[in-house]
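A.B. asks: Take a look at this one; I'll ask things after.
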Amino acid sequence: MRVIGALGILAALLVMVGLAMAGPALAGQSAAPSKAPPPGTGQRFEIPIRTIILPYGDLRYSIPIIIGGTTVNAMLDTGSPGLRILARALPAAAITGKSGPVQTVAYGAGDVLAGPVVRFDAKFGPATPVTTIPAQIVIAYQCTASHPNCPASLLHPEEYKIGGERVDGFGYDAIIGVEMPQPGAHPQPVPNPLTVFARRWIVTLPMPDDDTSGKIIVNPSTEELRGFTLYPLDPKLKDTYNTLDDAIMACLKVGNLQQFCAPTTLDSGAPAFMAYSDNVVRPGFFQDASPVELTFVNPHGVPDSFRFAASPYPASRVLILPLPQGQPNHIAAGLLPFQYYSVLYDMDDNAIGLRPRVKS
């Protein structure tokens with residue numbers, strides 16, 4: 001999912017609405033900026049990734065987070081920054097100390113989450129080290145004015161879960177955004193928690209037919225970095241609309257249509273494959289086996305590409321849409337590239353790395 005903005009003007013309203021459904025009383029350390037360790041000093045560890053399939057076919061991915069002895073499954077989202085946890089998911093004893101000011105964040109589907117930011121000790125699975133990380137404790141949620149029927153509006157507050165869309169009983173009590181920031185980017189109120197203890201991590205999502213194949217490797221070894229082709233990030237996209245900080249250049253070819261090149265995001269939290277162009281007048285919708293090719297542009301070497309047939313399956317439905325006002329041309333490739341590549345996030349080189357995992 002992509003973050004579309006922090007809506008500070010809604011904070012007071014959301015706090016009044018949400019205090020009644022707040023879980024634990026919040027105390028302990030308020031959030032403060034954290035710096036990643038110097039290169040090569042972080043401990044290597046793995047975080048397992050699991051999958052659920054929504055009734056209409058969308059895939060969702062999650063990782064475990066252990067806080068005060070409580071395990072919370074958090075939706076894994078490479079398209080946004082920050083850990084955000086529904087307050088009701090944590091017992092009062094899990095959070096201690098003083099909370100920070102209320103923050104609000106809006107996602108592309110229209111959900112707005114609000115709550116204070118705190119710091120606490122957490123583990124990403126039983127085999128990982130304990131680390132102090134910042135997180136938002138969500139005490140209220142509603143919809144943006146542009147998406148009044150967002151998932152947050154269609155379920156009773158006690159039934160709402162993140163990433164479950166409009167399906168009762170599906171979704172997560174938390175979302176962890178691991179989008180990589182560019183150097184000098186505006187600090188996020190709730191930063192990617194992986195940056196607290198790492199400058200490199202590799203995301204390999206589970207394959208559709210193998211739920212045990214997914215993992216995040218934090219602080220990968222030199223051997224584990226072999227085989228990746230690095231695609232540099234564009235500093236001009238730093239702090240741009242819809243969090244394009246970690247977009248890389250790619251070209252999309254659909255059937256007989258003219259090739260379209262633009263900054264492209266890889267987003268594990270967004271199943272659809274969408275392109276936004278200022279040359280498009282009417283939307284195009286492809287799910288009829290049209291041949292599709294996405295080519296990643298490498299300024300220092302041979303480009304890499306993968307091919308697929310457009311289909312009704314959510315991840316391979318292709319939408320080509322008119323560019324909304326105020327946005328740059330871009331391609332939102334969703335989660336599909338992760339089925340073809342392991343993806344390296346490299347803060348030291350300010351680049352995204354791709355390593356093929358299947359033949360296209």
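The values are calculated or read from the model by the stated rules, or taken from the named source; none is laboratory data. No experiment lies behind these values; they were computed from the predicted model shown. In this analysis, Cβ positions are derived from the backbone assuming ideal geometry, glycine residues included, and neighbour counts consider all displayed protein chains. All accessible areas refer to the heavy atoms of the entire protein, side chains included, with ligands and DNA or RNA removed. Shrake-Rupley method; radii C 1.70, N 1.55, O 1.52, S 1.80 Å.
A.B. asks: Could you look through the range 223-239, keep only residues that are assigned to a loop (DSSP other than H, G, I, E, B) and farther than 19 Å from residue 250 by Cβ, and pick out the one that is least open to solvent (accessible area, probe 1.4 Å)?
C.D. replies: 227
A.B. asks: Oh, and also: Give me a count of the residues in the range 153-170 that are open to solvent by 40 Å² or more (accessible area, probe 1.4 Å), touching a strand residue (DSSP E or B) at 6+ places or on another chain (Cβ under 8 Å) and not small (Gly, Ala, Ser).
C.D. replies: Within the range 153-170, residues that are open to solvent by 40 Å² or more (accessible area, probe 1.4 Å), touching a strand residue (DSSP E or B) at 6+ places or on another chain (Cβ under 8 Å) and not small (Gly, Ala, Ser) number 3.
A.B. asks: While we're on this one: crowded, with 21+ Cβ neighbours inside 10 Å and in contact with a Gly (Cβ under 8 Å, 6 or more places away or on another chain): which single residue out of 150, 143 fits that description?
C.D. replies: Just a single option satisfies the conditions, and that option is 150.
A.B. asks: Does the range 190-198 contain at least one residue that is touching a residue at least 60 places away in the same chain (Cβ under 8 Å) and either in a strand (DSSP E or B) or touching a helix residue (DSSP H, G or I) at 6+ places or on another chain (Cβ under 6 Å) (or both)?
C.D. replies: Within the range 190-198, not a single residue is touching a residue at least 60 places away in the same chain (Cβ under 8 Å) and either in a strand (DSSP E or B) or touching a helix residue (DSSP H, G or I) at 6+ places or on another chain (Cβ under 6 Å) (or both).
A.B. asks: Could you tell me whether residue 202 is farther than 18 Å from residue 351 by Cα and either part of a loop (DSSP other than H, G, I, E, B) or not charged (D, E, K, R) (or both)?
C.D. replies: no
A.B. asks: Just the residues that are buried (at least 23 other Cβ atoms within 10 Å of the Cβ), of a type in the set (A, V, I, L, M, F, W, C) and assigned to a loop (DSSP other than H, G, I, E, B), please, taken from the range 171-189.
C.D. replies: 180, the sole residue that qualifies.
A.B. asks: Would a scan of the range 345-356 turn up a residue that is touching a Pro at 6+ places or on another chain (Cβ under 9 Å), surrounded by 13 or more Cβ atoms within 10 Å (Cβ to Cβ) and in a helix (DSSP H, G or I)?
C.D. replies: The first filter runs over the range 345-356 and keeps only residues touching a Pro at 6+ places or on another chain (Cβ under 9 Å), leaving 347-352, 354.
Retained after the next criterion (residues that are surrounded by 13 or more Cβ atoms within 10 Å (Cβ to Cβ)): 347, 349-352, 354.
From what's left, in a helix (DSSP H, G or I): none.
No, the range 345-356 contains no residue that is touching a Pro at 6+ places or on another chain (Cβ under 9 Å), surrounded by 13 or more Cβ atoms within 10 Å (Cβ to Cβ) and in a helix (DSSP H, G or I).
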